[in-house]
Amino acid sequence: REHHTYPKLDFTQEEFQERFKRQLRVEQACTVTIDSVEAIKPVTEHMARMRELLAEQRAQWQKVLLQALRESKLILTKTNTKDYKLNLYPYLCLLEDKEYVDIMIQSIASLPLSGESLKILARNLGNRIYTKYCVRQKHQNRTVEKLASIYDAYTNLLAKDTKVYNVLPREQWCKLEMEQRSGPTLQGGEASWPYIVTLELGTLMVDMMVKNLKINSDILNPACDRKLIPILYHMYAFRSTRQVGFIKPHPILTQMQQEAMETMLTFDSSVMPMLCPPVPWTSVKFGAYLLTPAKLMRTLEGAMQHDQLLEKCQNLHPVFDSLNQLGNCAWRINKPILDIIISIFNDRGSDELDIPPPLSEAPKIPHFNPQDPTYTASEKAHMKREVINAKKKCSEMHSLRMDALYKLSIAHHMRDELFWFPHNMDFRGRTYPCPPYFNHLGSDVTRAMLVFAEGKPLGSKGLDWLKIHLVNLTGLKKRSSLQERLEYANSIMEDILDSADDPLNGKKWWMEADEPWQALGCCMEIANAVRSPDPTKFISHFPVHQ
């Protein structure tokens, strides 16, 4: 240790303190509402009408759910608690009634076309309530003030304008916790709820939604008979040998949501990258986000053995330190690449470039009347198969499109920010960033949008490594030596520069690569370096795999 110091990040202590406050505000809200990248499209009269209808419906649903929740609580107070059944009443009093209702309404917007398994939907609802409760608790028992004061002192280790240390983040944090022992403890305050509680609580919410949320059947087509129909319905699907309960949105609801093309998306705040360095992992239960609970090890919900084994582990310090090291790396958005991706996404997508097309490009679902005597039995069977395949394709396209929409919207929201990804691991010890949609372990498209926040001069060999990295991304020279790859890159410099200058209308050499988007990003970086006054001094932020 005597010859090493902990590396500083390129921020002053004041910047860290400001960032901490911003991240705290994000997590206190529990949800984040951001602009959708589809918002750039002009609003048609039909879209405006659909948005208005949806807003009216949501206001109506909110009233209905509030009423239903209050009735449900009344019934539960009268239930005999001597029964061995779990009584959820106390769990329905932890937040304001309106907060439970908001959580329910939020979950409708993100339901996939093909529906969601009841268990997953219930678990997500239960977890959202648990997270909100945890954040609330940390406020009430003054933990937040304690956290702010320790984080403040902790940034001494990372900030560039303070003295150098030869301790690791985990050690520094533990030392500060020991020094500031008075007042509330940061660790061990919140007991995690048993899996069955989150599941039962979520199931109660889902039941409430299925029973009470209705819509007029003639809302989109005045020719229909008017009757109130449920917007969610419960159905069963067979997965191998098991019967699985599914909650599916009514086609009228999905049609309204698709045609409204709403301009805002709401996410849980833990989906966003962090605006300040994560809290270092110091125990199995404590680390990552400031207020949002996170698991050190991803486990199957309800699998107790993993948690017990983790508690018994003797020395996890090297594991904590590795995760903290990954979490302390700052990132930023590669804006030129993001803008090109968004323009293709909002045009018509592109299957070759892995940007999912909108549903307007989906195959039309054929309509036929099975009672029509002119069809033979085999023709009917064939038509039925066609309908099933078309529906399946639509559903797949919708989920891919939504996934891309979430990633691009998050990236667009963070376009002028520097940010960090807290990490955890699975039971094998493989590490993952906690934010699920948008991170550096995603597909080629997602990786291409991310570069390191801190740049380094290329030096004497850096440009060569960029070129070798580019050839590796094309996948063309897998059996060649590094020297041969470098020579190949130098021989196609014209194509590389053309790709960088005119990606969508030039020769489009980059589109043939195995990883086209990362290749395009690399072409642009090489072009900028080559054209700089001195490539060895060019500051590069580009991640190169070695």
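Report yes if Lys63 is charged (D, E, K, R) and open to solvent by less than 90 Å² (accessible area, probe 1.4 Å), otherwise no.
No, not satisfied.
Can you find, within the stretch 75-127, the residue that is nearest to Asn389 (Cα to Cα) among those that are small (Gly, Ala, Ser) and in contact with a Ser or Thr (Cβ under 8 Å, 6 or more places away or on another chain)?
Among them, the one singled out is Ser114.
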>> Between a residue in the stretch 283-300 that is at negative phi and any residue that is modelled with pLDDT of 90 or more and of a type in the set (Asp, Glu), which pairs come within a Cβ distance under 6 Å, given they are 6 or more apart or on different chains?
In response: Leu290/Glu27; Leu291/Glu27; Thr292/Glu27; Arg298/Asp426
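So which of Leu408, Leu418, Leu473, Leu466 ends up being crowded, with 16+ Cβ neighbours inside 10 Å and touching a strand residue (DSSP E or B) at 6+ places or on another chain (Cβ under 6 Å)?
Working: Leu408 fails: touching a strand residue (DSSP E or B) at 6+ places or on another chain (Cβ under 6 Å); Leu473 fails: touching a strand residue (DSSP E or B) at 6+ places or on another chain (Cβ under 6 Å); Leu466 fails: touching a strand residue (DSSP E or B) at 6+ places or on another chain (Cβ under 6 Å).
After applying the criteria, what remains is Leu418.
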>> Just to be sure I understand the filter: pairs with C-beta atoms under 9 Å, separated by 6 or more residues or on different chains, first member in the stretch 370-395 and closer than 29 Å to Pro112 by Cβ and touching a residue at least 12 places away in the same chain (Cβ under 8 Å), second member open to solvent by 70 Å² or more (accessible area, probe 1.4 Å) and assigned to a helix (DSSP H, G or I). Which pairs pass?
In response: Pro370/Lys384
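Residue by residue, here is whether (1) at pLDDT 95 or above; (2) surrounded by 20 or more Cβ atoms within 10 Å (Cβ to Cβ); (3) under 30 Å from Arg401 (Cα atoms) holds:
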site	(1), (2), (3)
Met274	yes, yes, yes
Val279	yes, yes, no
Lys295	no, no, yes
Leu300	no, no, yes
Gln305	no, no, no
Lys312	no, no, no
Cys329	yes, no, yes
Asp347	no, no, yes
Ser350	no, no, yes
> Somewhere in the stretch 375-387, is a residue surrounded by fewer than 19 Cβ atoms within 10 Å (Cβ to Cβ) and part of a loop (DSSP other than H, G, I, E, B)?
Replying inline: yes
> From the list Asp403, Asp464, Asp416, which residue is part of a helix (DSSP H, G or I) and closer than 30 Å to Leu323 by Cβ?
Replying inline: Asp403
>> Here are the criteria: (1) crowded, with 17+ Cβ neighbours inside 10 Å; (2) among the small types (Gly, Ala, Ser); (3) over 30 Å from Thr44 (Cβ atoms). Tell me which single one Ser283 does not satisfy.
In response: (1)
> So which of Ala122, Ala109 is buried (at least 16 other Cβ atoms within 10 Å of the Cβ), in contact (Cβ under 8 Å) with a residue 40 or more places away in the chain, among the aliphatic types (A, V, I, L, M) and more than 29 Å from Leu186 (Cβ to Cβ)?
Replying inline: Ala122
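Which is open to solvent by 40 Å² or more (accessible area, probe 1.4 Å) and not in a loop (DSSP other than H, G, I, E, B), of Met209, Met178, Met205?
Working: Met209 fails: open to solvent by 40 Å² or more (accessible area, probe 1.4 Å); Met205 fails: open to solvent by 40 Å² or more (accessible area, probe 1.4 Å).
One residue alone meets the criteria, Met178.
The values are calculated or read from the model by the stated rules, or taken from the named source; none is laboratory data. Keep in mind it's a predicted model, so treat the numbers as computed, not measured. Because the Cβ atoms are built from the backbone with ideal geometry, glycine has one as well, and the counts that use them run over all protein chains shown. For accessibility, only protein heavy atoms count, side chains too; no ligands or nucleic acids. Shrake-Rupley method; radii C 1.70, N 1.55, O 1.52, S 1.80 Å.
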